[in-house]
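The values are calculated or read from the model by the stated rules, or taken from the named source; none is laboratory data. The structure presented is a predicted model; accordingly, all values stated were derived computationally and were not measured. As a convention, Cβ positions derive from the backbone with ideal geometry for all residues, glycine included, and neighbour counts pool all protein chains shown. Quick note on the areas: whole protein, heavy atoms, side chains included, nothing else; ligands and nucleic acids left out. Shrake-Rupley method; radii C 1.70, N 1.55, O 1.52, S 1.80 Å.
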Amino acid sequence: MNPADLPRECVLATPPAADALLAAVRTIAQGPLRQQVDAIDRQGHYPKAILQQLAAAGGMSAHLNAPHGSGDFFLAIQAMAEAAKVCGATGFMMWCQAVCGLYLQQSGNPALMGNVLTRHVAGLGMGGTALSNPMKSYAQIESLLLKATKVDGGYMVNGTLPWISNLQADHYCGAIAALPESNAELMFLLRCDAPGMELVECPTFSAMEGTGTYALRLKDYFVGQDDIMADPAKSLIAHIRAAFVMLQCGIAVGIIQGAIESMWAVESQLGHVNQYLEDRPDTLQAELNALVARVQKMAQTPFDTSTEFFIDVLDARAHGAELCLRATQSALMHQGARGYLMSSDVQRRVREAHFVAIVTPAIKHLRKEIARLSAEEMPA
Amino acid sequence: MNALTAVAQAVQTLAPWQQYICVACGLIYNEAEGDPDSSLPAGTRFSDIPEDWACPLCGVTKSDFEIYEPPSLETLRANAKNCNPVALPGQRHRPGVVIVGAGRAGWQLAENLRAADATLPITLVTVCAGDVYDKPLLSVAMARQLPCEKLVRETGVDAARRLNLRLLAHTHAISISADSKQLRTTRGTLRYDQLVLAHGAQAALPAPLPASLCWRINHLGAYLQLRAALGQVDESGAKDVMIVGAGLIGSELANDLALGGHRITLLDVQAEPLARWQAEQAGQQVLQAWKDLPIRFVGGVKVAKVEKIDERIRVSTECGQQFEADQVIAATGLTPPSRLAQSAALAWQNGIAVEAQTLRTSNPDIYALGDCITVDGNASRFIEPISRQAKTIAASLTGCDAIPYEQRQIVVRVKTTSMPLSLH
């Protein structure tokens, strides 16, 4: 199937301008998303229609190269932040969809860069990323959980991956399997509806239940040439790893901004007591603005493969997570009892911030990786 | 219904929707939205709410509500600035001075700060263990037959305890958030009142010299690793050591490792060693001093390639010569790392540019000393100025009378033990 065969409304003639894109995302976030945020957070409601609206608005493809986007990583981060300000889970799923699109486009495989990518950008195809384990593997934190063996016409993959998000029965994700025979890795598109693939329900999480998160069990799962993203995977990973981590900053930026706004919301009534708290909204806003400016600069060179640049990106991501924890905690202190209600967005953001701090790469992973990359190399 | 009431009703219907706030819990009743859960449809005026209605959140009654006008963010910001918080962050937990680097510069500064102020919080962040040692000894350790374990004068932990400071060892300083005065590290983020950069300089490796094959002896850790790799001459025999760069460090190391029994080949792009002091004929003197030592000097050559061949390393020069060695040491000069300075947008001129008399960087809360600084673009990577620099900065940070730093002509003593040289 060729992109021209898709329904016309699925193919954006040209990517929307930045202002229009952000306005459209804001309208969705402040409207229908705000209505569903509790159901997403606590009842496991997967907001498929909203994600598709966000896709149609160009909210998860601004970072892609033309014709699918304008190659603007900062715009993609801003769009994610607009949603995450209202719902951290949705911001996170936008990241899943955004990086999956990045894998498809950067794969260089015509079978993935055509119809599959076009449907993905339009929100007709949706997916996530199973690269948490491989990223930790490259940082020497854990070993690869999927193993691939060469078979006629492709590879056979076996193994189990925990906690992959933005999945449904007809979704897919980018995944990496070890090739023990060649001491290399294979990166491929893993389809949830293909034979040999089972989605396993996860236990209840403390927040963000509606992120379509499952464990994946692969039993003799076949990967054909059309689904290969990179073989071997190392050079593609080196190419996209900074972009992968950088895009996550959007989730943190949104949650922090939401927390700051909830502090101002009670300032006129509670300012007289809140003045005794640490981390007041104006100081947090100044720190957030400095972080956003730093991310904006990095977003100009998303494919810089130097170690120094990657350290910078990891550090900005860590700063986002730390500031998330501080800002949401402080917002709860600012709102007091009303923020402690289960219905309050203020306490929900505390739990969302915990997610930002522990999702791969978690704060501790970031620090360990920065230390590893900063170490002086000496003869063995 | 008389005419007056009808007019009043019409006025009320047309009036903008009002909001009322529960003084107990902060719930806002918006007339436009009503409270459908309590059977108050959207558009119910507050005055029309029955008296037995209760706040849906906390249960207080209608009389505990008052009219609410959402304030503008600008007003809130302005008001927040006017109030003086009783407990500013940092008053109870004063961040104090954070020092990056535990070489001589870092420790000297810590000593001076503590001598001037017994209670000032001091945090020292270092990539290494923070052990206190004299770097010049690394150039004469073999000649003086100093065992490796004797090189450490005091462990970092002991020095930290003695000076009552917090030592963050094995910690990388990654970036400075200058606006919020925080230093980001691999073991968490530190607030500071003043930050002092004493992280030194690192080896400048020319492209043909890969880090994985060439030692750079710029700190104790690397020196100890090299010594372990060389082994004891009486146990594992003499080794062939290639030293690239015959400046001060390269020449001193050549001298000392030769006295330790190893066979040295010393390369330089210049025709003789210590070419910087050519006018004083330092090269001729040092070659004379080495005439009975196993040191071969090869001048006027540039390294083109370094590669591992089995267990040995082959060094090829641009002019086609080849040498083989067990270990290769690069002594090709130093360059200060720019990561921290860049993150704080500090002025940079071949190094962290500091003001000549105060050693303050372009950021008023950040100072720097030692090998990482330059004054008017010039670095001075010698030991002598460091203790005077530490005194200058400590006086400034502890509010003592200023001790302006003076740049002096340095006398360099070349520790080529058989014939030490003093150079100007």
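Report the percentage of all Cα-Cα pairs in the protein assembly as shown whose separation exceeds 47 Å, rounded to a whole percent.
Working: 121712 of 322806 pairs.
Distances greater than 47 Å cover 38 percent of the Cα pairs.
So what J values fall out for the range A:51-57 if you push phi through Karplus, 6.51 cos²θ - 1.76 cosθ + 1.60 with θ = phi - 60°, rounded to Hz, Gly and Pro as x?
In residue order, the calculated couplings are 4, 5, 5, 5, 5, 4, 7 Hz.
Write down the radius of gyration of the range B:33-175 and its Dmax, each obtained from C-alpha positions, in Å.
31.5, 98
How high is the relative contact order of the range B:226-383, in percent, counting Cα pairs under 8 Å that sit 6 or more residues apart? Could you put the intermediate results ahead of the total?
Numbers: 281 pairs, mean separation 28.3, N = 158.
It comes to 18 percent, rounded to a whole number.
Can you compute the charge dipole magnitude of the range B:267-420 about its Cα centre, using +1 on each Lys and Arg Cβ and -1 on each Asp and Glu Cβ, nothing else charged? Give it in debye, rounded to the nearest 20.
Numbers: 16 positive and 17 negative charges, 15 e Å.
Using Cβ point charges on Lys, Arg, Asp and Glu, the range B:267-420 gives about 80 debye.
How much of the accessible area of the range B:83-202, in percent, comes from carbon and sulfur atoms when a 1.4 Å probe is used? Walk me through the numbers on the way to the answer.
Working: 2620 of 5320 Å².
Solvent-exposed carbon and sulfur of the range B:83-202 make up 49 percent of the total.
If you plug each phi of the range B:343-353 into the Karplus form 6.51 cos²θ - 1.76 cosθ + 1.60 with θ = phi - 60°, what whole-Hz ³J(HN,Hα) values come out, in order, with x for Gly and Pro?
Values, residue by residue: 5, 9, 6, 6, 4, 9, 8, 6, x, 6, 6 Hz.
Give me the distance in nm between label points sitting 7 Å out from Cα along the Cα-to-Cβ direction at B:K305 and A:S206, one decimal.
5.8
Determine the gain in length on full extension of the stretch A:D304-A:S343; use 0.36 nm per residue of separation and subtract their C-alpha separation, reporting nm with one decimal.
Numbers: separation 39, 0.36 × 39 = 14.04 nm, distance 4.30 nm.
Extra length available between A:D304 and A:S343 comes to 9.7 nm.
List the residues whose amide H sits under 5 Å from the amide H of A:T129, counting only those 5 or more places along or on another chain, with H placed 1.01 Å from N in the peptide plane.
So A:T129 has HN proximity to A:S165, A:G174.
First measure r as the distance between the Cβ atoms of B:Q225 and B:A118, then evaluate 1/(1 + (r/R0)^6) with R0 = 41 Å and state the FRET efficiency to the nearest 0.05. Show your work: numbers first, answer last.
Details: r = 38 Å, r/R0 = 0.93.
Given R0 = 41 Å and the Cβ-Cβ separation, E is 0.60.
If you roll a 1.4 angstrom probe over the protein chains with everything in place, what fraction of the accessible area of the range A:175-227 belongs to carbon and sulfur, to the nearest %?
Working: 1150 of 2440 Å².
Carbon plus sulfur share of accessible area: 47 percent.
With all protein chains present and a 1.4 Å probe, how do B:W348, A:W95, B:W17 order by accessible area, largest first? Mind showing how you got there, number by number?
Values: B:W348 105, A:W95 10, B:W17 125 Å².
Accessible-area ranking of B:W348, A:W95, B:W17, largest first: B:W17, B:W348, A:W95.
Can you tell me the FRET efficiency between A:Q140 and B:R77 if r is taken as the Cβ-Cβ distance and R0 is 45 Å, rounded to the nearest 0.05?
On the way: r = 46 Å, r/R0 = 1.03.
Calculated value: 0.45.
Along the Cα-to-C-beta direction of A:T149, a point sits 7 Å from the Cα; which residues of the range A:217-256 have their amide N less than 13 Å from that point?
A:220-221
Can you tell me how much longer the chain between B:A15 and B:D376 gets when fully stretched, taken as 0.36 nm per residue apart minus their C-alpha distance, in nm with one decimal? Present the calculation step by step, with values, prior to reporting the outcome.
Values: separation 361, 0.36 × 361 = 129.96 nm, distance 6.99 nm.
Gain in length upon complete extension: 123.0 nm.
Could you give me the percent of Cα pairs per 5 Å distance bin for the range B:123-177, shortest bin first, beginning at zero and ending with the bin that holds the maximum distance?
P(r) for the range B:123-177, in whole percents per bin: 4, 18, 22, 18, 15, 12, 7, 2, 1, 0.
Straight-line reach only, C-alpha to C-alpha below 21 angstrom: list the lysines that B:K308 could link to, leaving out same-chain residues fewer than 8 apart.
Within reach: B:K239.
How big is the C-alpha Rg of the range A:26-72 next to the rule-of-thumb value 2.2 N^0.38 Å, as a ratio? Present the calculation step by step, with values, prior to reporting the outcome.
Values: Rg = 12.8 Å, N = 47, 2.2 N^0.38 = 9.5 Å.
The range A:26-72 yields a ratio of 1.35.
Obtain the nm distance between the two label points defined at B:E149 and B:D401 by a simple spin-label model: each point lies 7 Å from its Cα along the Cα-to-C-beta direction.
Placing both labels 7 Å beyond Cα along the Cβ direction yields 4.8 nm.
How big is the gap, in Å, between the Cα center of the range A:166-216 and the Cα center of the range B:366-394?
Cα centroid of the range A:166-216 versus Cα centroid of the range B:366-394: 55 Å apart.
Straight-line reach only, C-alpha to C-alpha below 17 angstrom: list the lysines that A:K150 could link to, leaving out same-chain residues fewer than 8 apart.
Output for A:K150: A:K219.
In nm, give the distance between the simple-model label positions of A:N183 and B:L293, each being 7 Å from the Cα along the Cα-to-Cβ direction.
Placing both labels 7 Å beyond Cα along the Cβ direction yields 4.1 nm.
Quick check for me: using +1 on Lys/Arg Cβ and -1 on Asp/Glu Cβ, what's the dipole size of chain B about its Cα centre, in debye to the nearest 20? Don't jump to the answer; show the numbers that get you there.
Values: 39 positive and 42 negative charges, 359 e Å.
Roughly 1720 debye for chain B.
I'd like the orientation of helix B:220-230 relative to chain B: the angle between its Cα long axis and the longest Cα principal axis, in ° from 0 to 90, rounded to 10.
That helix lies at roughly 40 degrees to the long axis.
Applying 1/(1 + (r/R0)^6) with R0 = 30 Å to the Cβ-Cβ distance of B:S63 and A:Q329, what FRET efficiency is obtained, to the nearest 0.05? Before the final figure, lay out the partial values.
Working: r = 35 Å, r/R0 = 1.16.
Efficiency, rounded to the nearest 0.05: 0.30.
Between A:Q35, A:Q347, A:Q97, find the one with the highest GNM mean-square fluctuation for chain A; connect C-alpha pairs within less than 10 Å.
Among A:Q35, A:Q347, A:Q97, the largest GNM mean-square fluctuation belongs to A:Q35.
What residues have an amide H closer than 5 Å to that of B:R413, excluding those fewer than 5 places away on the same chain, when H is modeled at 1.01 Å from N in the peptide plane?
For B:R413, the qualifying residues are B:L423.
As a test of understanding, state the convex hull volume per residue of chain A from its alpha carbons, in Å³.
Details: hull volume 51.5 nm³, N = 380.
Hull volume over Cα atoms, normalised by residue count, gives 136 Å³.
Just subtract the alpha-carbon distance of B:K135 and B:R45 from 0.36 nm times their residue separation and send over the number in nm, one decimal.
Numbers: separation 90, 0.36 × 90 = 32.40 nm, distance 8.07 nm.
Extra length available between B:K135 and B:R45 comes to 24.3 nm.
Towards the positive end of the charge dipole of the protein assembly as shown, with charges on Cβ (+1 Lys, Arg; -1 Asp, Glu), say which of A:M208, B:L197, A:L33 has the farthest Cα.
B:L197
Just read off the accessible area of A:M156 with the full protein assembly in place, 1.4 Å probe, to the nearest 10 Å².
Ignoring ligands and nucleic acids, A:M156 comes out at about 50 Å².
Heads up, I need the accessible area for A:H272: 1.4 angstrom probe, whole protein in place, Å², nearest 10.
120
What is the diffusion coefficient of the range B:222-354 in µm²/s, taking the Kirkwood radius over Cα pairs and the Stokes-Einstein relation at 10 °C with a viscosity of 1.306 mPa s?
Working: Rh = 16.4 Å.
The calculation lands on 97 µm²/s.
Might you tell me the accessible area per residue for the range B:333-424, computed with a 1.4 Å probe and given in Å²?
Working: 4360 Å² over 92 residues.
In whole numbers, the range B:333-424 has 47 Å² accessible per residue.
Quick check for you: with a 1.4 Å probe and neighbouring chains kept, what is the accessible area per residue of the range A:12-111, in Å²?
Numbers: 3270 Å² over 100 residues.
With the other protein chains kept in place, the range A:12-111 gives 33 Å² per residue.
Before we go on, tell me the buried accessible area for the B/A pair, both chains summed, 1.4 Å probe, in Å² to the nearest 100.
Values: alone 22310 and 16020 Å², together 35270 Å².
Buried area (both sides, nearest 100 Å²): 3100 Å².
Hey, which of these cross-link pairs are over 29 Å Cα-Cα: A:K147/A:K364; A:K364/B:K305; B:K135/B:K391; A:K297/A:K364; A:K368/B:K181; B:K391/B:K415? Don't skip to the end; give the middle numbers.
Values: A:K147/A:K364 27 Å; A:K364/B:K305 39 Å; B:K135/B:K391 20 Å; A:K297/A:K364 25 Å; A:K368/B:K181 23 Å; B:K391/B:K415 27 Å.
Among A:K147/A:K364; A:K364/B:K305; B:K135/B:K391; A:K297/A:K364; A:K368/B:K181; B:K391/B:K415, the Cα-Cα distance tops 29 Å for A:K364/B:K305.
So how tilted is helix A:281-298 from the main axis of chain A? Cα-based, degrees 0 to 90, rounded to 10.
Once rounded, one gets 30 degrees.
Could you give the Stokes-Einstein D for the range A:133-265 in µm² per second, using the C-alpha Kirkwood radius, 10 °C, 1.306 mPa s? Walk me through the numbers before you get to the answer.
Values: Rh = 16.5 Å.
This corresponds to a translational diffusion coefficient of 97 µm²/s.
Could you derive backbone 3J(HN,Hα) for the range B:123-136 from the dihedral phi with the Karplus parameters 6.51, -1.76 and 1.60 (θ = phi - 60°), listing whole Hz in sequence and x where the residue is Gly or Pro?
10, 10, 10, 8, 5, 9, 6, x, 5, 8, 8, 9, 4, x
Nothing charged except the Cβ atoms of Lys and Arg (+1) and of Asp and Glu (-1): what's the magnitude of the dipole of the protein assembly as shown about its Cα centre? Round to the nearest 20 debye. Could the numbers behind the result be given before it?
Working: 67 positive and 78 negative charges, 397 e Å.
Around 1900 debye, computed over the protein assembly as shown.
On the accessible surface of the range B:224-327, probed at 1.4 Å, how many percent belong to carbon and sulfur atoms?
Values: 2170 of 5020 Å².
It is 43 percent, rounded to a whole number.
Quick check: with the 1.4 Å probe, what order do B:H93, A:H319 take by accessible area, largest first?
B:H93, A:H319
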